[in-house]
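Below is one structure, written out as structure tokens; comments come after it.
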Amino acid sequence: MDTENRPVLTGLVALVGVAVVIGLLGGLAVMVGVKATGIGETSTASDDGGTPATFNLPRPSDTSSSIPAPEDTAEPSTGETTSEAPATGISLTAVQQSVSPMQQIDLKGTYPGGEGAILQVQRFENGAWSDFPVTMSVSGGTFATYVQTSQVGANKFRVVDTDTQVASNELTVTVG
């Protein structure tokens, strides 16, 4: 092969050779490092020589007989509204009391003991509570989200725990 007439080919072959050598040396260094630090070794949960530790989810069981009956969460009678949060339960507040149509309404609150609960936003429409297309989860005992609506006038909102059906206090935001 005449290398004087093909300098580009010669340079390319040399470059590929150097890349292969560097790759092999890098791979060897990683293998030695993994071996030295013990990464990837199988360990057991105890020193009894049992099987390696694995992640297992508990099997669901019927606990309905051991769960105490929930507290009375009946709705207030018609004409009666609650604007204060219950002493224990879900407390809901709105940052804005009045907004323009489709302007963001920031909802936030606390739910002591409700860690991880999924809360459904509801709006009072035509004499009944209906689900608003917004949910959120409780983290650190608090939650926050926002809603937007074009329905002008007084809009009543609340949030409900989707598992326990515990409802927050109601609040009213004027749109328009």
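Each reported figure results from applying straightforward, stated rules to the coordinates on display, with no laboratory input. The structure presented is a predicted model; accordingly, all values stated were derived computationally and were not measured. Positions of Cβ are generated from backbone atoms using ideal geometry, with glycine treated the same way; all protein chains shown enter the neighbour counts.
Filtering region 99-119 to residues that are surrounded by 14 or more Cβ atoms within 10 Å (Cβ to Cβ) and more than 25 Å from GLY176 (Cβ to Cβ) leaves THR110, TYR111, GLY114, ALA117, ILE118, LEU119.
Evaluation of VAL166 against the conditions (1) at negative phi; (2) surrounded by fewer than 19 Cβ atoms within 10 Å (Cβ to Cβ); (3) out of contact with any Pro (no Cβ under 7 Å at 6 or more places or on another chain) shows that the sole unmet condition is (2).
Scanning region 129-163 for residues that are outside any strand (DSSP E or B), touching a Gly at 6+ places or on another chain (Cβ under 7 Å) and surrounded by 13 or more Cβ atoms within 10 Å (Cβ to Cβ) turns up just one, VAL138.
Across region 129-158, the number of residues qualifying as in contact (Cβ under 8 Å) with a residue 24 or more places away in the chain and within 17 Å of the chain's Cα centre (by Cα) comes to 10.
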